[in-house]
């Protein structure tokens, strides 16, 4: 749940800053520091962190990270084993940091509020914004529809509800959803010239403070690493 003390656009600005810092950094200590900063930001921005989803994603990501380490370590052009190890470690930790920061902020950000905020600030066109909103809402709609079809199939046939026959009614439901969304947008006169009015949340002192602290910590740590 989003912390109302902060502006929802922080879910976009902060990960961009962290990803840029990760691109500029060059050691695995700096990458892990960016990941630590990301966790601290999530603790401030959201009231509940989805630890189970993050852990499950880490487990799914671990084979790819391990493969990147082995590839960088075994097929490097350097003959020094220690240098090859450090290069491979920096590469895999960098990939892990970029992926985890992107995924963590993606699952916690209030997507609908951010879309509405971007449309109100004229950063995102209204036609594209509502199209993205309908796409995001489609995922939850299809998940509910899939569960309903599973229960109906199991009650009717008393068989496993993972049968390929479920695909056909799910495709029909998706076609109906797309038709209803298109009719709704057409009736509302949605086009490129359509305007949209939504109350925007202005940036407050806390928003500027958290952004400033992120920049200060990242620059200070980089300067500290440079001195050492």
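Every number here is computed from the coordinates shown, using simple stated rules; none is lab data. Note that the structure is predicted; figures quoted are calculated from it, not measured. Please note: Cβ atoms are built from the backbone with ideal geometry, for glycine as well, and neighbour counts cover all protein chains shown.
Could you state the angle between the C-alpha long axis of helix 167-187 and the longest principal axis of the C-alpha atoms of the chain, as a value from 0 to 90 degrees rounded to the nearest 10?
Once rounded, the angle reads 80 degrees.
Please build a GNM for the chain, connecting alpha carbons under 10 Å apart, and tell me which residue among 214, 87, 41 fluctuates the most.
87
Return the calculated 222 nm mean residue ellipticity for the chain, to the nearest 500 deg cm²/dmol, obtained by summing -39500 (n - 2.57) across DSSP H runs with n ≥ 4 and dividing by the residue count.
Per the formula, -26000 deg cm²/dmol.
Between the stretch 130-150 and the stretch 3-45, how many Å separate their Cα centres?
30
Tell me, what does the Kirkwood hydrodynamic radius of the stretch 45-152 come to in angstroms if you use every pair of distinct C-alpha atoms?
This gives a value of 17.5 Å.
Using a/c under 1.5 as the rounded threshold, could you call the stretch 7-57 rounded, prolate or oblate? The axes a ≥ b ≥ c are square roots of the C-alpha gyration tensor eigenvalues, and prolate needs a/b larger than b/c, oblate otherwise.
It is oblate, given that a/c is not under 1.5 and a/b is not larger than b/c.
Of the listed peptides 48-54, 67-73, what is their order by residue-averaged count of other C-beta atoms within 10 Å, with the highest listed first?
Result, highest mean Cβ count within 10 Å first: 67-73, 48-54.
If you count, for each residue, the other Cβ atoms within 10 Å and average over each peptide, how do 217-227, 104-114, 89-99 line up from highest to lowest?
Ranking the peptides 217-227, 104-114, 89-99 by packing returns 89-99, 104-114, 217-227.
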